[in-house]
Amino acid sequence: LYPEWYIIDAIILLWVTVLSIKKGFKKPSISLVFSILFLIILILVNIYVFGFNKLVIQNLMMYLMPLTLFVYMLHLKRVYTTLELFNLIRKITTIFNIYFFLNTILIIVQIYTNSFMMQRFLSYNSAPFDHMDGLIGMNGVNILNFVWIATILLNLNLYFREPKFKRALLLLIQVLLMLTL
């Protein structure tokens, strides 16, 4: 389904760009400029060493999603107040925490059954371990790791803003579950 996501990412990037043009661009930070230049240099070196082929195009297209997320976050920071963004982060963290525990239960069931919610994926990749990722789907363990890291970072963000024992306990339980699974 990657081509469909590329279209969605391109539309979001275009939309945020149009909104930014209407509001006017701010002067980019020196670190942002160097980061973009470094990325461009890496891409050009890889093209020089390995040549320009279909794989290069596919890899460049895969940069669209992280780029879209980054540009959209900059847009949100520009449009909304810090308090509004903090409230959004709090709600997103709640959703990630619920998803974490629901997914953890499903993963435990998948570990014990070796087939729960994985049957149709096993015909494409017969290694059940690659599909033990709860609700994420086929070969989604790497995405599961990203979601778990994001969950921990969101909880840490809230903990450092408002240190509470409940949040620390939640973090400890989540890290222990992650390490166990």
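Couple of notes before you dig in:
- Note on segment 80-116: residues that are in contact (Cβ under 8 Å) with a residue 40 or more places away in the chain and either over 16 Å from the mean Cα position of the chain (by Cα) or closer than 17 Å to Leu181 by Cβ (or both) amount to 11.
Yes or no, residue by residue, for (1) closer than 14 Å to Phe101 by Cβ; (2) open to solvent by 90 Å² or more (accessible area, probe 1.4 Å):
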| residue | (1), (2) |
| --- | --- |
| Leu144 | yes, no |
| Trp148 | yes, no |
| Leu153 | no, yes |
| Leu156 | no, no |
| Phe160 | no, yes |
| Lys166 | no, yes |
| Leu170 | yes, no |
| Gln174 | yes, no |
| Leu177 | yes, no |
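- Put simply, of Phe96, Phe100, Phe116, Phe52 the only residue that is modelled with pLDDT under 75 and not charged (D, E, K, R) is Phe116.
Table: residues versus (1) loosely packed, with under 10 Cβ neighbours inside 10 Å; (2) closer than 15 Å to Arg78 by Cα; (3) of a type outside the set (S, T, N, Q).
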| position | (1), (2), (3) |
| --- | --- |
| Ile11 | no, no, yes |
| Leu14 | no, no, yes |
| Lys23 | no, yes, yes |
| Lys27 | yes, yes, yes |
| Ile30 | yes, no, yes |
| Val33 | no, no, yes |
| Ile40 | no, no, yes |
| Ile47 | no, no, yes |
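- Scan of segment 49-63 for residues that are in a loop (DSSP other than H, G, I, E, B) and either farther than 24 Å from Ile8 by Cα or open to solvent by less than 80 Å² (accessible area, probe 1.4 Å) (or both), ordered by number: Gly51, Phe52, Asn53
- The condition of being modelled with pLDDT of 90 or more, surrounded by 14 or more Cβ atoms within 10 Å (Cβ to Cβ) and assigned to a helix (DSSP H, G or I) does not hold for Tyr72.
The values are calculated or read from the model by the stated rules, or taken from the named source; none is laboratory data. This one's a predicted model, so the numbers in the text were calculated from it and none came from an experiment. FYI the Cβ positions are ideal-geometry reconstructions off the backbone, even for glycines, and counts take in every protein chain you see. We work out accessible area using only protein heavy atoms, side chains counted, and drop any ligands, DNA or RNA first. Shrake-Rupley method; radii C 1.70, N 1.55, O 1.52, S 1.80 Å.
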